[in-house]
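The values are calculated or read from the model by the stated rules, or taken from the named source; none is laboratory data. Just so it is clear, the structure is predicted and the values come from calculations on it, not from any experiment. Positions of Cβ are backbone-derived with ideal geometry, glycine not excepted, and every protein chain shown enters the neighbour counts. Quick note on the areas: whole protein, heavy atoms, side chains included, nothing else; ligands and nucleic acids left out. Shrake-Rupley method; radii C 1.70, N 1.55, O 1.52, S 1.80 Å.
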Amino acid sequence: MVKALEQVMEKAEKLFAENKKEVAIAAGATTVALAWAYAYRRAQNAVPKSGPYPAGSLPAGAYDAVIVGGGPSGSVCAYYMSRGGAKVAVLEKETFPRDKYCGDAVCTPAINILKDMGVLEQLIANNEAHFADAGGFVSPNGTSYIGVSKQKLGQAACCAVKRINLDMRIAKQAQKAGADLKEKFEVTGATFDKATGLWTVTSASGAQVKGRVLVCADGATSRLATKLGYCTAPPQGVCSRAFIEGGTHNTDFDGVCFYPKWSLPGYAAIFRHPNDELNYCYYLIPCGKQGYCGDVKDSDLARLHNDAIKYDPFISKAIGPNAKIERMRAASLRLGGQGLKTTYDDHLIIVGDAAGHIDPYTGEGIHTAMMGGKAAAETILSMRATGDFSSKSTKQYEARWKELYGHDFWMSKAFAEVVYRCPLLLDAVASEMQRKGDSMMAKWAEIMTNMQPKTYFLRPHVAIPLGIAVIREFIDQKILGTKKDKYQMLPMPAAK
Ligand SMILES: Cc1cc2nc3c(=O)[nH]c(=O)nc-3n(C[C@H](O)[C@H](O)[C@H](O)COP(=O)(O)OP(=O)(O)OC[C@H]3O[C@@H](n4cnc5c(N)ncnc54)[C@H](O)[C@@H]3O)c2cc1C
């Protein structure tokens with residue numbers, strides 16, 4: 001064997017010596033080709049230093065940007081653009097304060113933006129934010145852990161804020177910064193005029209607003225992005241919500257996620273508001289077969305939501321028999337960029353739910369809406385300085401959101417698939433929490449609330465103990481049979 005190898009090496013050296021000149025030419029040519037390809041790519045990606053619409057070219061009455069939708073993505077974008085000196089209009093079909101169906105869990109990256117905007121202090125001053133400390137989860141086989149995380153993390157991983165308060169405060173802060181907030185302005189269409197480089201955005205009543213850049217921030221169903229052809233499929237995820245009156249329930253924690261095995265990778269969650277009111281939600285996350293959320297469909301949501309209140313052993317216990325619960329409401333989730341090929345074009349940017357910027361595992365999208373809104377504002381402000389609003393420039397927005405959070409979507413999607421096909425993984429995490437206590441819980445909370453990306457799971461100090469926990473759980477459940485499944489629906493009352 002060694003001899004054979006030596007012979008091959010000898011032959012290779014001989015060939016090299018014989019063809020020295022040819023090899024040198026080939027190497028040189030390859031280097032030049034690679035250098036040219038690199039320079040070409042850089043030139044393709046470079047943002048033009050100047051463009052056809054320099055500062056001062058904006059006609060009177062027109063805006064640097066017209067933002068359609070005054071939710072977190074649109075209003076955060078408007079705030080940062082106004083703070084940067086741009087002229088912005090926010091067109092919102094409702095009048096603030098308006099409700100938005102949501103789980104109300106505001107994760108760390110969103111908290112940081114709210115702080116920077118001066119909104120967090122308003123929420124705290126008005127007792128509208130409840131910072132979570134006691135929390136945890138119940139795994140598919142009923143292994144549960146509820147602990148405290150604030151001390152271990154040095155801050156609350158998330159806080160609960162009712163959207164009626166949150167969205168109103170963000171929109172009003174954008175207005176205070178200089179944005180022109182036009183409420184009761186339902187956008188029905190938008191057309192771009194190449195000659196002037198302006199969009200004309202039209203309302204149901206016929207009113208018109210003109211702007212250099214159109215920002216679609218109109219939520220998950222994204223009528224405008226659909227009408228313009230950028231969004232080609234309806235959202236595939238869905239989530240319910242019901243508020244539960246304070247003082248009528250049995251809950252003494254701040255936030256818990258429940259993973260009944262029949263709706264994985266979806267889950268139910270309960271979050272507590274400052275006035276002891278609860279937000280109860282049931283998320284169905286697209287996974288597995290096309291059109292399915294694991295083994296269920298969006299048409300199963302009402303049954304799952306309502307049955308859990310009465311018959312789920314953990315959820316029914318937390319809610320209690322005397323709880324005053326409002327009727328279920330529901331709205332769609334567009335996760336992980338689903339239904340869109342791009343989020344930018346000439347003079348156009350798509351942000352938040354309209355762009356599908358919801359975490360494909362957790363269903364959370366307030367923080368990504370805000371981070372994306374801010375990234376869009378920064379991109380538009382730099383375009384405003386150069387005068388180029390072509391897709392070469394708007395492309396920078398997509399690069400920004402991918403760097404901030406989009407890079408993590410594939411891992412979240414993969415995690416949802418793994419949890420659906422192998423619920424034991426979540427059982428192992430819960431068991432590991434029971435063994436290691438709050439330090440493990442805090443690590444989980446960090447990832448689930450986006451203080452850390454999902455790829456954090458791959459780091460050795462997380463992956464190795466988790467791997468060992470999975471093996472241990474497998475042995476306990478499948479080989480020794482020492483772990484019994486506690487997640488069985490409570491019996492329904494016998495028919496009279
Ligand atoms: C039930 C449920 C629970 C959820 N729970 C959580 C959670 O706990 N934590 C979390 O982080 N995320 C959660 N999400 C996701 C979160 O709600 C969204 O990601 C977030 O609201 C996205 O913000 P946005 O500004 O992009 O869109 P939206 O908040 O939907 O705002 C869009 C705005 O556009 C306006 N609009 C729409 N059409 C027009 C039009 N034609 N003209 C003018 N205005 C228009 C709407 O009125 C609205 O104000 C949940 C979602 C659902 C459905």
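Couplings 3J(HN,Hα) of region 468-476, computed from phi: 5, 4, 5, 4, 4, 5, 4, 4, 4 Hz, in residue order, whole Hz [Karplus 6.51 cos²θ - 1.76 cosθ + 1.60, θ = phi - 60°; x for Gly and Pro]. Ordered from highest to lowest accessible area with the whole protein assembly present and a 1.4 Å probe, Thr368, Thr232 read as Thr232, Thr368. Rounded to 0.05, the FRET efficiency of the Asp276 and Lys115 pair, given R0 = 25 Å and the Cβ-Cβ distance, is 0.50. Neighbours of Tyr361, meaning other residues whose beta-carbon lies under 13 angstrom from its beta-carbon, give a summed charge of -2 when Lys and Arg score +1 and Asp and Glu score -1. Per-residue ellipticity at 222 nm, computed for the chain from helices alone with -39500 (n - 2.57) per DSSP H run of at least four residues, works out to -12500 deg cm²/dmol. In this structure, the pairs whose alpha-carbon distance is over 28 Å, taken from Lys289/Lys317; Lys176/Lys324; Lys184/Lys289; Lys152/Lys261; Lys289/Lys341, are Lys289/Lys317; Lys176/Lys324; Lys184/Lys289; Lys152/Lys261.
The simple spin-label model puts a point 7 Å past each Cα toward its Cβ; for Ile146 and Arg329 those points are separated by 2.6 nm. Close amide H contacts of Leu198 (hydrogens built in the peptide plane, cut-off under 5 Å, sequence separation of 5 or more or a different chain): Asp193. Database remark: amide H of Glu364 closer than 5 angstrom to the amide H of Asp359 (H placed geometrically; neighbours at sequence offset of 5 or more, or on other chains; Pro and chain starts carry no H). Computed 3J(HN,Hα) for region 304-316, one whole-Hz value per residue from the Karplus formula 6.51 cos²θ - 1.76 cosθ + 1.60 where θ = phi - 60°, is 4, 4, 6, 4, 4, 4, 9, 10, 6, x, 9, 5, 5, glycine and proline marked x.
Distance distribution P(r), region 236-333, all Cα-Cα pairs, bin width 5 angstrom from 0: 3, 14, 26, 25, 16, 10, 4, 1, 0 percent. Shown are Phe192, Phe258, whose ranking by accessible area with a 1.4 Å probe and every protein chain present, most to least, is Phe192, Phe258. Evaluating 6.51 cos²θ - 1.76 cosθ + 1.60 at θ = phi - 60° for every residue in region 372-388, the Karplus couplings come out as x, x, 5, 4, 5, 4, 5, 5, 5, 5, 6, 5, 4, 6, 8, x, 10 Hz, glycine and proline recorded as x. Here the Kirkwood formula puts the hydrodynamic radius of region 291-334 at 11.9 Å, using every distinct Cα pair. Per-atom-type breakdown for region 421-480 gives carbon and sulfur 63% of the accessible area (1.4 Å probe, protein chains only). On a C-alpha basis, how far is the centre of region 212-287 from the centre of region 361-409 in Å? Whole number, if you could? The distance from the Cα centre of region 212-287 to that of region 361-409 comes to 23 Å. Length gained on full extension, Gln488 to Ala385: 31.0 nm, using 0.36 nm per residue less the C-alpha separation. Measuring r between the beta carbons of Ala134 and Ala29 and using R0 = 60 Å, the FRET efficiency lands at 0.35. For Gly288, the residues whose modelled amide H falls within less than 5 Å of its own, excluding neighbours fewer than 5 places apart on the same chain, are Gly294. Per residue, the chain exposes 46 Å² of accessible surface when a 1.4 Å probe is rolled over the protein heavy atoms with every protein chain present.
Shape class for region 208-289, computed from the alpha carbon gyration tensor (a ≥ b ≥ c): oblate, with a/c not under 1.5 and a/b at or below b/c. Which of rounded, prolate, oblate describes the chain, given a ≥ b ≥ c as roots of the alpha-carbon gyration tensor eigenvalues and a/c under 1.5 marking rounded, otherwise prolate only if a/b is larger than b/c? Here the chain falls in the oblate category.
Could you work out the relative contact order of the chain? I mean the mean sequence separation of Cα pairs under 8 Å and 6+ apart, divided by the number of residues, in percent. Taking the mean separation of contacting Cα pairs over the length of the chain, I get 20 percent. Return the FRET efficiency for the residue pair Thr188, Lys478: r is the Cβ-Cβ distance, R0 is 41 Å, and the value is rounded to the nearest 0.05. About 0.10, to the nearest 0.05. For Cys77, the solvent-accessible surface with a 1.4 Å probe is about 0 Å², rounded to the nearest 10. By a 1.4 Å probe calculation restricted to protein chains, Met441 has an accessible surface near 10 Å², given to the nearest 10.
Of Leu333, Leu404, the order by accessible heavy-atom surface (1.4 Å probe, DNA, RNA and ligands excluded), from most exposed downward, is Leu404, Leu333. Measuring with a 1.4 angstrom probe and ignoring ligands and nucleic acids, Trp401 comes out at about 20 Å² accessible.
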